[in-house]
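The block underneath contains the structure these notes are about, expressed in C-alpha cells.
The values are calculated or read from the model by the stated rules, or taken from the named source; none is laboratory data. In this text the structure is predicted, and so the values were computed from the model without any measurement. We place every Cβ from the backbone using ideal geometry, glycine too, and count neighbours over all the protein chains shown. In case anyone asks, the SASA skips ligands and DNA or RNA and just uses the protein heavy atoms, side chains included. Shrake-Rupley method; radii C 1.70, N 1.55, O 1.52, S 1.80 Å.
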Protein chains: 2
Amino acid sequence: MLPKKNTYTVAIVGATGAVGREMVEILEGRNFPVSELVLLASERSAGERIEFQGSNRTVRRLTKESFAGVDIAIFAAGAEISREFAPAAVQAGVVMIDNSSAFCMDEKVPLVVPEVNAHAISGHQGIIANPSCSTVGMAMALKPIHDVVGIKRIVVTTFQSVSGTGKRAMDELASQTVALLNFRDVETKVYPHQIAFNCLPHVDAFLENGYTTEEVKMVHETRKILRSESLRLTATAVRVPVFRCHAASINIETEKHIAPNDVRAMLSEMPGLIVYDDPLRNIYPLQIDVAGKDEVYVGRIRSDDTVPNGLSLWVVLDNLRKGAGLNAVQIAEYLIKQG
Amino acid sequence: MLPKKNTYTVAIVGATGAVGREMVEILEGRNFPVSELVLLASERSAGERIEFQGSNRTVRRLTKESFAGVDIAIFAAGAEISREFAPAAVQAGVVMIDNSSAFCMDEKVPLVVPEVNAHAISGHQGIIANPSCSTVGMAMALKPIHDVVGIKRIVVTTFQSVSGTGKRAMDELASQTVALLNFRDVETKVYPHQIAFNCLPHVDAFLENGYTTEEVKMVHETRKILRSESLRLTATAVRVPVFRCHAASINIETEKHIAPNDVRAMLSEMPGLIVYDDPLRNIYPLQIDVAGKDEVYVGRIRSDDTVPNGLSLWVVLDNLRKGAGLNAVQIAEYLIKQG
C-alpha cells in the first residue's frame, strides 16, 4: 500500500513514447505531488531529455534496479516490458499502474476507470491495470445506462487513431500522406498496409476465430469493469487515418426501456463525460475537437427500434489522455487520497 | 420499353461529376453498344470536353428538350435534377436509370442491383432506380445469406469515402490535408467540419429522430431490394478521410445457423462478389485496393456468439463503380439483353 506523504517519487516507464510524454504533461498540468520524477526507457532512448516543471530531466535506462525509492511507477512501454519488470517493481514496494494489456485479465489485478469502479482499487496487491483506450470510452459512456436499465448486448465498431499504436505510427501516417500528395511511393513499416487515406479493419493481432486481440480485450475488459459476466459484446476494431482520438459507433440493447432524452440527462451527470449532441445544428463529437481534452464525449444518442430496448450512440475520447495517461494518473490520485 | 437495336443513343446527365465521368469510362470499358453519347450537365459545365472512344465530346446544357432521340438516359446529377427532368425524359420515351435517391422508394420504380434482383427491372414504367452506394455493397454481400438462412436483423456502421459526396469533396480532402501538413488553417466548404484526419458521423441530412437520411435510406432500400419488409436494420453512417470506396462493418442475426466457412463458400459463388478473407495473412478488403474494381469485396467473416445465429463481416466496394456508375450500366445491359 502507498505510504501517506506530501509528495511522491513517481517513475514513468516508457517515458519517451507517445503515452509517456503525455503522462509527463498530465502530471505537471494536474499539479500531481511529485517529489522526484524518474523517467525510464529502453537503452536506445536513454539520455533523451524531457521537460518537467520548467527543467529538463534526463531519461535513464530501465533496469530491475530502477525502482529503489520509487512510490508509484506508471508503465507505458507495452505488455512485454510490463511482464518483465513487474516483479522487480512489486518487490521494491512500488505501486505499479500498468497501461499495457499484460495484467488486465489477471483476477488479482484491479482493472480501473476511476469514475466507473474506483472502489476496485483498494483490493490491489501491488499492480493496478489501466484498460485499453477503446474500453475506457465505452465503459464511461455505458456505466450510467447499465446501472439504471441494465445492458444486455453491445455491438461496437471502433474508429481508432494511429496514436494508439504510438509515435512511429503517427510518423507513418504523416510521411505516407506527404508521399501520396507528391505522387511518390508509400512505405509501410508499422502497419501491414498503407494507412494514409485508408481504413484497416485490423487492430492488434488476429486470432484463429477471426477476431483480433483488441476486439476480444474489449469484451473481457468491459465485463470486468462493469462487473457483469453476462454482458454480451461483439466488436469490430478499425484503424482510421486520424492522428489522435478514438471514436466508436455503439449499439446497445438494454433490459428496460429508456428514452434518448433520459439517457442524455443521465450521462450529463456522469463526471468526466460530456454530452455533445445536437445533430440538427451539426453538433456531435469529433476526433479533431476532442484531441487534448480530458473528458469522454458522447453524441448521436438515438433510439434503435429494431430491438425492444435499443439505443445507438457515438463516443469519442482522446486515447492518449483519458484513454491512457490521464486515467493512469487519476488512479494514482485516488491511491493518494485513500492513503 | 427499349426497342431492339444494335446500338443505342445514351445520355448521361451530370456528365462532368465524379460519377458521370466514371460512367463514360465504364461504357467505353465494357464496349456498351453506343451509337451516340449525349453528355449533359448544368449551364456552368456545358462546353467542357470529355473523351470517349478516342475523341473529345462536348458537354451540352441539360434542357427538357435534351432527350429527343435518346434511348437510355443515366442520371447522376442529384435528386433535384432527377425530379425536375424525369417527366420530360419519360415523355420522350427514354428509359431513365436514376442514380439519385429521388425515386428509390417509389413503389412504381424498381430499385435494382442486377446480381440481386434483376427480375424487378421488367416491371419498370420508364424509370429504374440505382440504390445508394452503401446499400449496393450490403445487398450484394447479404443476398446469398438471406436466401439460405434468412436475415432477421442488421447492425451496420459505414466508413464512406468523400467521393460519395462528389468531386468537390475530393478536392476538399486534398486541400485540407495539404493545408494541415503546411501548418495553415483549414477551409471547410463542402462538409460542416474538417474531414482531413477526422471522421464525421454525418452523411446526408439529419432528421428529427436523430438519424440521417442516408441511414434511413439504407433501411428502406435494403428491405425493398431483398424483398423483406420484416427485415430490421439500424445504421450509423460515417464519412472518413478516404478518397474512394466505401467500407461497412456489418453485424447480422439470421433465422438459422450458418458457419463462417459455409458463408465463405456461398459468397464465393455470387457473381460480382469476391471473398477476400484470410486475416492471419493480413488479407481483408481495403479501400485503397478495391478502388477501380468492379466487384464487391467481403472479408473478416466470423461468428458472433452474442446472439443465437450471429455473424460479422466487413464489406468494401468502389462507390463510383459498383456503387453507382457500373450498377447503372449493368441495368442498361440487362435492359438490352431482355429487349
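Of B:Lys64/B:Lys217; A:Lys143/A:Lys224; B:Lys108/B:Lys224, which pairs sit farther than 19 Å apart, going by alpha carbon to alpha carbon?
Values: B:Lys64/B:Lys217 29 Å; A:Lys143/A:Lys224 12 Å; B:Lys108/B:Lys224 12 Å.
Violating the 19 Å Cα-Cα cut-off are B:Lys64/B:Lys217.
Between beta-carbons, use under 14 Å as the cut-off and find the net charge around A:Lys108, counting Lys and Arg +1, Asp and Glu -1.
On the way: positive: A:Lys224; negative: A:Asp98, A:Asp106, A:Glu107.
Charge balance in the 14 Å sphere: -2.
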Between A:Thr63 and A:Glu80, how many nm apart are label points set 7 Å from Cα along the C-beta direction?
2.1
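Would you kindly state how much longer the chain becomes between A:Glu187 and A:Lys167 on full extension, computed as 0.36 nm times their sequence separation minus their alpha carbon distance, in nm to one decimal?
Working: separation 20, 0.36 × 20 = 7.20 nm, distance 1.62 nm.
That pair, A:Glu187 and A:Lys167, stretches by 5.6 nm at full extension.
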What is the percent carbon and sulfur in the accessible area of segment A:103-153, measuring with a 1.4 Å probe over the protein chains and ignoring ligands?
52
Estimated FRET transfer efficiency (A:Gln91, A:Asn209; beta-carbon r; R0 35 Å; 0.05)
0.40
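Write down the percent of antiparallel bridges among all DSSP beta bridges whose residues are both part of segment A:42-155, to the nearest 5.
Working: 4 of 12 bridges.
For segment A:42-155, the DSSP antiparallel bridge percentage is about 35.
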Treating the point 7 Å from Cα along Cα-beta-carbon as the label, what are the nm separations from B:Ser228 to the other copies, to one decimal?
2.8
For segment B:88-227, what class follows from the C-alpha gyration tensor (a ≥ b ≥ c being the square roots of its eigenvalues): rounded when a/c is under 1.5, otherwise prolate if a/b is larger than b/c, else oblate?
prolate
For segment B:3-128, the per residue accessible area (1.4 Å probe, Å²) is 45
Taking A:Gly69 in one copy and the same position in all the others, each labelled 7 Å out along Cα→Cβ, what are the pairwise distances from the first, in nm, shortest first?
9.3
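In chain B, what percentage of the DSSP-assigned beta bridges are antiparallel, given to the nearest 5? Present the calculation step by step, with values, prior to reporting the outcome.
Details: 29 of 60 bridges.
Looking only at bridges with both residues in chain B, the antiparallel portion is about 50 percent.
Cα gyration tensor of chain B, axes a ≥ b ≥ c as square roots of the eigenvalues: rounded (a/c below 1.5), prolate (a/b > b/c) or oblate?
Working: a/c = 1.74, a/b = 1.24, b/c = 1.40.
Oblate is the answer for chain B, as a/c is 1.5 or above yet b/c matches or exceeds a/b.
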Tell me the label-point distance for the pair A:Arg30, B:Tyr334, using the 7 Å Cα-to-Cβ offset, in nm and rounded to one decimal.
5.9
Heavy atoms of A:Cys133: accessible area, 1.4 Å probe, square angstrom to 10:
20
Rounded if a/c under 1.5, otherwise prolate or oblate - segment A:210-339, Cα gyration tensor axes
rounded
Roughly how large is the A-B contact in terms of buried accessible area, totalled over both chains, probe 1.4 Å, nearest 100 Å²?
4800
Which of the aspartates and glutamates could be linked to A:Lys189 by a straight reach, that is with a Cα gap under 14 Å, when you skip same-chain ones fewer than 8 residues away?
A:Asp171, A:Glu172
If each of A:Asn261 and B:Glu51 carries a label point 7 Å out from its Cα toward its Cβ, how far apart are those two points in nm?
6.0
Nm distances between the label at B:Arg49 and the same-position labels in the remaining copies, 7 Å along Cα→Cβ, shortest first?
6.4
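Please give the FRET efficiency for A:Glu269 paired with B:Lys108, using the beta carbon to beta carbon distance and R0 = 56 Å, rounded to the nearest 0.05.
Details: r = 51 Å, r/R0 = 0.91.
E between A:Glu269 and B:Lys108, to the nearest 0.05, is 0.65.
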